[in-house]
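Asker: Here it is, the structure, as structure tokens.
The values are calculated or read from the model by the stated rules, or taken from the named source; none is laboratory data. This structure is a prediction, so every number in the text was calculated from the model and none was measured. Positions of Cβ are generated from backbone atoms using ideal geometry, with glycine treated the same way; all protein chains shown enter the neighbour counts.
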Amino acid sequence: MTDVNHQIAAVRRRLGTRMLDAGDAHVLTIGQTHDAPVDDVWDAVTGPERISRWFLPVTGDLREGGHYRLEGDAGGTISSCDPPTSFTATWEFSGQVSWIEVSLAVEPAGTRLELVHICHVDDEMWEWFGPGAVGVGWDMALLGLARHLDAGAPADPADPAGAEGWTASDEGRRFVELSSDRWRLADVESGNDEPAARAAAARTAAVYTGDDAR
């Protein structure tokens, strides 16, 4: 079982911006190197049966130009696919459209996976919750993938109900708090004010753990 502290430390996070037709978009990049061959990692992140074991059940036509739907979550269109190195897709949720870019690269230590999420977020919402509102969810996804690749077994947060219960557990709460804090650091490194970044990270953690409802 992948240790929470080890997982948080193994992931690299950074923030940026990108100019799109609709204006500036936030860019979150998250990546991790896995001790696994590139073909295995590619199969884990593109094969529907394996995706359901570490992330969420997925349906659709999982090829370039096809549409996908994650159960209870996002859907979209697969814009490009270049096995076993990269794919891009739209990420459509609650009427909002954003974009993801996933790339794999062979390294001496294994296979590095990097995910870039490009999104337009309301300025007030971004100020209030910061990058962790998006980033913590991707941290949880990478934890699921790491546990799957390590053990070949479903991870704890592999379905919506399981994820909700897991984030309320001691281990889940610690993971969310550590992830939120790492996104706080990325926020500060990108130029945000430290007190504002810390407050936003605390609010995001409270949402994920359910403390905001108490």
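Asker: Can you tell me which residue among THR85, THR59 is more than 24 Å from VAL121 (Cβ to Cβ) and touching a residue at least 24 places away in the same chain (Cβ under 8 Å)? Working first, answer last.
Answerer: Working: THR59 fails: touching a residue at least 24 places away in the same chain (Cβ under 8 Å).
The unique qualifying residue is THR85.
Asker: Here's a follow-up. Just need a number here: residues in region 155-214 that are under 12 Å from ALA133 (Cβ atoms), of a type in the set (Ser, Thr, Tyr) and at pLDDT 95 or above.
Answerer: 3
Asker: Anything in region 36-56 that is touching a helix residue (DSSP H, G or I) at 6+ places or on another chain (Cβ under 8 Å), not in a helix (DSSP H, G or I) and not small (Gly, Ala, Ser)? List them, or say none. Can you show your working first?
Answerer: Of the residues in region 36-56, the ones touching a helix residue (DSSP H, G or I) at 6+ places or on another chain (Cβ under 8 Å) are 36, 40-41, 43-45, 50-51, 53-56.
With not in a helix (DSSP H, G or I) added as a condition, the list becomes 36, 55-56.
If the condition is that a residue be touching a helix residue (DSSP H, G or I) at 6+ places or on another chain (Cβ under 8 Å), not in a helix (DSSP H, G or I) and not small (Gly, Ala, Ser), then PHE55, LEU56 are the ones that fit.
Asker: I would also like to ask the following. For region 94-126, which residues satisfy the criterion of being in contact with a Cys (Cβ under 7 Å, 6 or more places away or on another chain) and either at positive phi or not in a strand (DSSP E or B) (or both)?
Answerer: Of all residues in region 94-126, those in contact with a Cys (Cβ under 7 Å, 6 or more places away or on another chain) come to 98.
Result: no residue meets the conditions.
Asker: Follow-up question, since we're still on this one. Among residues belonging to region 18-35 that are out of contact with any strand residue (DSSP E or B) (no Cβ under 8 Å at 6 or more places or on another chain) and outside any strand (DSSP E or B), point out the one that is surrounded by the fewest Cβ atoms within 10 Å (Cβ to Cβ). If you could, list the steps in order and put the result at the bottom.
Answerer: Just the residues of region 18-35 that are out of contact with any strand residue (DSSP E or B) (no Cβ under 8 Å at 6 or more places or on another chain), to begin with: 21-23.
Now narrow it down to the ones that are outside any strand (DSSP E or B): 21-22.
On the way: ASP21: 5, ALA22: 8.
Looking at the filtered set, the residue picked out is ASP21.
Asker: Scan region 57-92 for residues that are outside any strand (DSSP E or B) and of a type in the set (S, T, N, Q) and report the count.
Answerer: Our first condition is that a residue be outside any strand (DSSP E or B); within region 57-92, this holds for 57, 61-66, 71-74, 83-85.
Next, from what is left, pick out any that are of a type in the set (S, T, N, Q): 85.
Of the residues in region 57-92, 1 are outside any strand (DSSP E or B) and of a type in the set (S, T, N, Q).
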